[in-house]
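Below is one structure, written out as C-alpha cells, with a few remarks after it.
The values are calculated or read from the model by the stated rules, or taken from the named source; none is laboratory data. Note that the structure is predicted; figures quoted are calculated from it, not measured. Cβ placement follows ideal geometry from the backbone for every residue including glycine, while neighbour counts extend to all protein chains displayed. With ligands, DNA and RNA removed, areas are computed over all heavy atoms of the protein, side chains included. Shrake-Rupley method; radii C 1.70, N 1.55, O 1.52, S 1.80 Å.
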Amino acid sequence: MAFRLPSLLNWSLHGFLPCLVPCTVLCIAAHAIAGEPVRIAPPLSLHFHHVFGSEPLLDGNVALRTQSNIVSVTRVAYLLSNFAFTTRAGDRIAIDMPAALIDATARVPREVITLSSVPAGEYTTLSFDIGLPSELNHADPAQWAPTHPLNPSLNNLHWNWQGGYVFFALEGRWVQADDTLGGYVFHVATNEHLTRVSVPAAFAHGGTAASPTHARITLDLARVFDGVHTIALSADPASHPTHSAPGDALAAKLSANLAQAFSFTGTFAHDESETTDGAPEPVPPPPGTTPYAWHAPKHFPRVALPHDNPLTREGVALGEKLFFDQRLSGNNAQSCASCHVPAQAFTDGKPLAEGAYGDVGRRNTMTLFNLAWSQDSGFTWDGRKARIRDQALQPIEDAREMRIALPEAIDKLSQDDAYADMFEQAFGSQGITSDRIGLALEQYLLTLVAARSKYDRVVQGTDTFTPQEQRGFELFNAEYDPARGQLGADCFHCHGGHLFTNHQFVSNGLDGSLLRDRGLDVAEPADASREQPSRADADPGRAGVTDKLIDHGRFKVPTLRNIAKTAPYMHDGRFATLMDVLRHYSEGVQPSPSLDPNLAKHLRANARIPGSEHHAGVNLSDEDKAALVAFLETLTDEPLPADQTTDGEPPAAKPDDRKHEDRE
C-alpha cells in the first residue's frame with residue numbers, strides 16, 4: 001500500500017541563504033488613520049544595527065556575556081511587517097507593505113529597509129511586527145519574485161513542518177558547565193508568536209529637505225536573553241532549542257523579550273553615492289541569436305538568471321561543446337566532463353578529483369545541477385568564486401586539474417574553424433577569448449536543472465511514496481528534540497526545501513578541530529583508528545577564502561538532488577555510502593568551535609559508544625536509517641542525462657514546467 005504525500009510537502013522547507021542585495025526598497029502607499037491629508041516626502045531608510053549590550057557581535061567568537069552564560073551569535077535574521085508611525089499630533093500613519101527582511105549575519109548583511117512613500121512630518125513612535133500576518137505566512141512561497149523578501153531562497157526562513165516562516169532566528173554557541181561548547185537555536189514562529197514592537201522615535205522627516213531621511217534602529221541581542229524574562233542556557237535540553245511548537249514556553253518568553261529589545265538611536269547623514277538603484281538592467285542577447293527557453297519547475301523558488309549573460313541557443317550549444325572538449329587540458333586528455341560525468345549526476349565516483357596528468361586533488365567533485373539557485377553564495381566547497389563563469393575557468397588553469405594556460409587553450413580552439421563560427425554565432429562578432437569561454441560554459445551549466453525524480457512526481461501529485469519512503473520523508477523533515485518528544489533526523493535545517501540545500505557554509509562535525517576558541521579545549525576524537533589531520537594539513541574550508549578562524553572546517557552544503565548517484569560523500573569523499581553518512585550524523589559528529597549550532601545543540605553523553613562522551617548525533621535506529629536512504633533515493637532524476645543535446649532544450653526540463661520568462 002502506497003502513501004500519498006501530505007500537504008506538508010507543498011510548503012517549501014526551511015533553509016538558510018546569504019543574500020547579496022544590500023537593502024530592501026519597498027514601494028509603499030501611506031495613509032492617515034486620522035488627520036489631514038499628507039504630503040509624501042523623500043524616502044525614509046531604516047538602518048538596523050545589531051549589538052550585544054555594549055559589544056559588537058564579534059564575528060562568531062564565544063565571548064558575549066549574558067547574566068547566565070557566555071555565548072556567540074552566528075545567525076540573526078528576521079521578517080518584519082505592518083509598519084506604522086505615530087505623529088506628534090497623535091495620528092497613526094500605517095504603511096501598506098507586505099514584508100521586509102533583515103539578515104545581519106548573511107555574507108553581505110541585509111540591514112536596511114527603504115520606505116518610499118512615508119509622509120513628511122514629525123514623528124514620535126515607530127511600530128512594526130516581527131513576523132507576518134497569517135495570509136502571508138501561509139501563502140504559496142513559490143509565487144514570490146527572486147528579490148522579494150518572502151522568496152524562500154532569499155530569506156532562508158521558510159519551513160514546512162510547522163507551515164509558514166520562521167519570524168525570528170537567533171543561533172549560536174555557548175559555554176557549557178564542562179567548558180565544552182554547546183549550541184542554541186531559537187526559532188520564533190507561528191501566528192501565536194507574532195510580536196508587536198513599538199519604539200519611541202522622535203524625528204522629523206521631509207520638511208523642506210529633498211534628501212532622504214536615514215534613521216538607525218538598534219536591536220540589542222543581550223536583551224533577548226535578559227529582558228522581561230531571563231533566558232538561561234543549561235544542561236536541560238529544553239532550555240536552548242525552540243521551534244515554536246504549540247504551548248512552547250521558551251518561544252513565548254523570547255517573543256516578550258524581543259518586543260522590548262529594539263531602540264531608536266537617531267537620524268544621521270548618509271552618503272547617497274553608496275546607495276544602489278535596484279537590479280541592473282538586463283543586457284539584450286547578441287544580434288542574430290535565438291533566446292533559450294530556460295525552464296524552472298513550478299514548485300521551485302523563483303530565481304533570476306545573470307543579467308549580463310542572456311541564455312541563447314547558440315551560447316548554450318557552444319558551452320556544451322566546450323564542456324566536453326579535451327583540448328581544454330594541457331595533454332588533450334581531460335575535459336570538464338571527465339570529472340563531471342553526466343550519467344553520474346555530473347560527478348566522477350572518486351573520493352578526490354584526478355587531473356589530466358594524474359594529480360590527485362584535495363576535494364571531492366561536486367554535482368553541477370541547479371547552479372542557477374546558488375549564484376548568491378559562491379561556488380565549489382569553499383565559495384571561492386562568486387560567478388559560474390569564473391569558476392568554470394579555474395580548473396582549466398589549475399595545476400592539479402586540466403593544467404593549461406588560457407592563452408594556450410585559446411590558440412588550440414582558434415585552429416578549429418567550427419569554433420570560430422560558433423563563437424561568432426553565440427556572441428555576434430568574431431573572436432575567441434577567455435571571457436567568452438567562461439560565459440558560454442556558464443550558459444550551458446545553467447541549463448542543468450534536476451527536477452525529474454520520484455519526489456517531484458509526488459509533489460506534482462502523479463506518484464506516491466512507499467511506506468518506507470514516507471517514513472524517511474517524515475524523519476528528514478522532523479526535529480530531533482527529545483526533551484519535547486520529537487525524534488526526527490533534523491536534516492531539513494541544512495537540506496530543506498525543494499532544492500535540498502541552504503547554500504550555506506557549515507561545519508558538520510567531520511573532524512575534532514585543533515582550533516581553540518577562547519582558550520577552550522575541544523575533545524579529541526575517540527576513534528584513534530581514524531586519522532585526524534594535523535593543523536597544517538587540515539583543509540581550512542571556507543576559512544581559506546575569508547581568513548576567518550570561525551570559518552575553519554566550514555564547507556558549502558551540497559544539494560541532495562541525485563545524492564544516490566554521487567558517492568562517495570563529503571568534501572574529501574570519506575564516506576563511501578549513504579549509510580556511512582547517516583551513521584556520522586547519528587553518532588559520529590565531533591565537536592569544534594565552528595560546529596553549526598543545529599548540530600551542536602545535540603551534544604550529549606552517548607553511553608552506547610564508549611569514549612564518545614562529547615560526540616553529537618540524532619541517535620537513529622537502523623530502521624530509521626534505512627527509511628532515510630529510501631527517501632533519499634527518491635531524489636534521483638529519471639533518467640539522468642547520459643548524452644547532452646544542443647537543440648536548445650534543457651536536459652532536465654519537464655513539459656509542464658513554466659519557462660523562466662513566464663515567471664517574472
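The candidates Met579, Met97, arranged from most to least accessible area with a 1.4 Å probe in the full protein assembly, appear as Met579, Met97. Shape index of the range 382-459: Rg/Rh, with Rg the Cα radius of gyration and Rh the Kirkwood radius from the inverse mean 1/r over Cα pairs, equals 1.11.
Residues whose amide H falls under 5 Å from that of Phe346, counting only those 5 or more places apart or on a different chain, are Val341, with hydrogens built in the peptide plane.
A 1.4 Å probe, protein heavy atoms only, puts the accessible area of Trp381 near 20 Å².
In percent, how large is the relative contact order of the range 274-367, given Cα pairs closer than 8 Å and 6 or more residues apart?
Numbers: 103 pairs, mean separation 15.8, N = 94.
The normalised contact order for the range 274-367 reaches 17 percent.
Ranking Gln486, Gln468, Val458 by how far each Cα lies toward the positive end of the dipole of the range 450-494 (charges on Cβ) leaves Val458 at the top.
Please arrange Thr105, Thr267 by accessible surface area, largest first, computed with a 1.4 Å probe and ligands excluded.
Result, largest first: Thr267, Thr105.
Full extension of the chain between Ser211 and Thr466 gives 85.6 nm of extra length, using 0.36 nm per residue less the Cα-Cα distance.
Please list Thr433, Thr125 from largest to smallest accessible area, probe radius 1.4 Å, with all protein chains kept in place.
Numbers: Thr433 60, Thr125 35 Å².
Largest accessible area first, the residues go Thr433, Thr125.
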